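One structure is given below, encoded as structure tokens.
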Amino acid sequence: MKDIGFDIITIFPEIFHAYLGESILKRALQKQLLDIKVYNLRDFTTDKHRTVDDYPYGGGPGMVMKIEPIYNAVQAIKAADYKNGTERLTVMLSPQGKVFNQEMAEDLSKEKRRILFICGRYEGIDERVRESLVDEEISIGDYVMTGGELAALVIIDSVARLVPGVLGDEESAKEESFTWGVLDYPHYTRPPEFMGMKVPEVLLSGNHREILQWRRREAIKRTLQKRPDLLKSVELNEEDKKILEDINRGPCPEKNT
Ligand code: 9D3
């Protein structure tokens with residue numbers, strides 16, 4: 001069976017237990033499709049105050065995470081053998097990292113080794129951690145957070161759902177062929193009319209072929225309107241290209257209506 005494992009080094013283990021104790025990831029952990037071990041960095045300190053940070057050499061604001069506890073944690077974790085061996089892919093979450101995307105999620109979902117996340121807090125992590133312990137540095141986008149924990153959860157969430165069996169068959173199968181690279185089509189459920197707002201007629205028609213065509217068209221329309229950048233990197237089939245031309249020939253090409 002194709003399962004995946006994560007080890008996490010953090011000073012806030014509860015953040016992980018809270019999120020992973022709910023919903024789809026909880027089920028995946030119970031089914032053992034997914035294995036996650038959270039390590040408290042303070043357990044790898046040796047002083048009585050369990051110190052994980054210190055003042056920056058050269059001065060300046062904030063504190064810097066010390067290397068020794070992180071080194072001790074990484075060594076201890078690497079000594080713990082799992083069915084996929086002692087090898088680890090060590091990932092540091094950092095604003096300087098490569099910006100995470102779906103392709104990276106797919107690569108990580110195929111990773112044979114366990115994935116070890118180092119989550120930073122404070123102003124930064126001693127540079128020697130990156131130099132000596134880290135294989136990859138990942139950011140989840142260009143905005144400032146207070147630490148790496150949410151980034152690790154974002155990555156775990158998006159990787160886990162790609163592991164066979166984590167999502168129901170229904171959820172997983174539909175995706176690949178249809179929605180990849182373009183935005184989703186609009187969704188509706190009952191009632192058929194709410195405060196004068198009607199569900200598009202075609203969805204109530206029962207004509208499956210027409211419904212598929214409508215959804216495809218709406219998805220392309222939306223993508224053109226809201227995320228035209230996505231259309232550059234997606235392969236459209238001949239029918240999609242016709243839809244695109246059709247939209248551009250419409251009454252208001254600027255608004256793609
Ligand atoms: C305002 C502080 N910044 C000074 C230029 C540096 C800074 C230090 C520590 C900025 C953010 C952080 C904490 N962030 C992360 O650890 C982090 C992160 C992020 O902030 N954004 C996107 N992805 C990530 S991954 C880890």
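Coordinate-derived values only; no laboratory data. The structure presented is a predicted model; accordingly, all values stated were derived computationally and were not measured. With ideal geometry, Cβ positions are generated from the backbone for all residues, glycine too; neighbour counts draw on all protein chains shown.
Net charge in the neighbourhood of Thr86 (other residues with Cβ under 10 Å of its Cβ; Lys, Arg +1, Asp, Glu -1) is +2.
Quick one: if the Förster radius is 51 Å, what FRET efficiency do Lys242 and Gln75 give, using the C-beta to C-beta distance and rounding to 0.05?
0.30
Going from the fewest other Cβ atoms within 10 Å to the most, the residues Tyr57, Tyr188 appear in the order Tyr57, Tyr188.
When only Cα pairs below 8 angstrom with a gap of at least 6 residues are kept, region 177-249 shows a relative contact order of 40 percent. Kindly flag which residue pairs out of Lys110/Lys232; Lys26/Lys66; Lys78/Lys232; Lys112/Lys221; Lys26/Lys78; Lys83/Lys232 have an alpha-carbon separation exceeding 31 Å in this structure. Too far apart for the 31 Å limit: Lys26/Lys66; Lys78/Lys232; Lys112/Lys221; Lys83/Lys232.
Per-residue ellipticity at 222 nm from helix content only, as computed over the chain with -39500 (n - 2.57) for each DSSP H run of at least four residues, stands at -12000 deg cm²/dmol. In terms of packing, defined here as the mean over residues of other Cβ atoms within 10 angstrom, the peptides 210-217, 191-198, 66-73, 152-159 line up highest first as 152-159, 66-73, 210-217, 191-198. Got the relative contact order for the chain handy, in percent, Cα pairs under 8 Å and 6 or more residues apart? Relative CO of the chain lands at 18 percent. Each of Ile24, Ile15 was scored by other Cβ atoms within 10 Å of its Cβ. Arranged with the fewest first, they read Ile24, Ile15. Here the contact order of region 1-137, divided by its residue count and restricted to Cα pairs under 8 Å and six or more residues apart, works out to 31 percent. Straight-distance candidates among the aspartates and glutamates for linking to Lys198, with alpha-carbon spacing under 19 Å and chain neighbours fewer than 8 residues away dropped: Glu210, Glu218. You can think of it this way: the chain between Asp184 and Gln102 has 28.0 nm of extra reach, that is 0.36 nm per residue less the Cα-Cα gap.
Would you please give the FRET efficiency between Arg50 and Phe194, computed as 1/(1 + (r/R0)^6) with r the Cβ-Cβ distance and R0 = 51 Å, to the nearest 0.05? Walk me through the numbers before you get to the answer.
Values: r = 55 Å, r/R0 = 1.09.
After rounding, the FRET efficiency stands at 0.40.
Spin-label model, Glu68/Ser132: points 7 Å from Cα along the beta carbon direction are separated by 1.2 nm.
Residues within the reach of a label modelled at Lys112 (point 7 angstrom out along Cα to beta-carbon, backbone nitrogen below 17 Å), restricted to region 1-29, are 1-5.
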